[in-house]
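Just below is one structure, and these are the notes that go with it.
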Amino acid sequence: MTYRTWLCSVALGSSILALGCGGSRLISVTVNPAAADARDFPNGQVQFTATGTYSGSSHPTPVKNVSWCVGSSSGMCNGNIASAASILGNGVAQCVPNRTGTVTVLAGTGGPTNPPDTGHQFAVFGSAQLACP
């Protein structure tokens, strides 16, 4: 085998490997727990987690680059709208003092960029419910 033939074989093999490994994309997100009551958790802080299913796999895995917010079941974050709860970037949610109600917690990725006051619309997301007594 000549050097040129070897080099072409390596380049072709690398291209095929890159196409096979880089093609998976997030197709669904599941948030757990699916429903929680803040009064059942220490200091009213609820740790939510997100798992995702990627194209080419049926096995849910933890989603690493997910964004969290309080919003609607359609995947739209509240933006600057007052809510009964808030959530940190690590998935820990807590009710706002003196506010009650049930909120939708979202974990998602992608979607169009909206003006800051209107909130973000996720392209792929999962949701859960948090009750604030």
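Backbone phi angles across the stretch 45-59, fed through the Karplus curve with coefficients 6.51, -1.76 and 1.60 (θ = phi - 60°), yield HN-Hα couplings of 9, 10, 8, 9, 10, 10, 10, x, 10, 9, 4, x, 9, 10, 9 Hz in residue order; Gly and Pro are listed as x.
Scoring 52-62, 38-48 by mean Cβ neighbours within 10 Å over their residues and listing the highest first yields 38-48, 52-62. Extent of the stretch 36-133 along its three principal axes (Cα atoms, max minus min coordinate, largest first): 45, 32, 19 Å.
Distant-in-sequence amide contacts of Val124, defined by a placed amide H-H separation under 5 Å and a gap of 5 or more residues or a different chain, comprise Thr109. Rounded to the nearest Hz, the phi-derived 3J(HN,Hα) couplings of the stretch 117-132 under the Karplus curve 6.51 cos²θ - 1.76 cosθ + 1.60 (θ = phi - 60°) are 6, 8, x, 9, 9, 6, 7, 10, 7, x, 9, 8, 10, 10, 8, 10, where x marks glycine and proline.
If I take every Cα pair under 8 Å that is 6 or more residues apart in the stretch 65-133, average their sequence separation and divide by the length, what percent do I get for the relative contact order? Don't skip to the end; give the middle numbers.
Working: 161 pairs, mean separation 25.9, N = 69.
Relative contact order comes out at 38 percent.
Amide H contacts for Val96 (H built 1.01 Å from N in the peptide plane; partners 5 or more residues away or on another chain; cut-off under 5 Å): Ala85, Ser86.
Put simply, the amide H of Val63, placed in the peptide plane, has neighbours under 5 Å in Ala50, Thr51, Gly52, leaving out anything fewer than 5 places away on its chain.
Relative to the compact-globule scaling 2.2 N^0.38 Å, provide the ratio for the alpha-carbon radius of gyration of the stretch 38-88. Intermediate results must be reported in sequence, preceding the final value.
Values: Rg = 14.0 Å, N = 51, 2.2 N^0.38 = 9.8 Å.
The reported ratio for this selection is 1.43.
Since every read-out is calculated from the coordinates, none of them should be taken as a lab result. On a predicted model such as this, the values are computed, not experimentally measured, just so you know. So basically every Cβ, Gly included, is an ideal-geometry build from the backbone, and we count neighbours across all protein chains shown.
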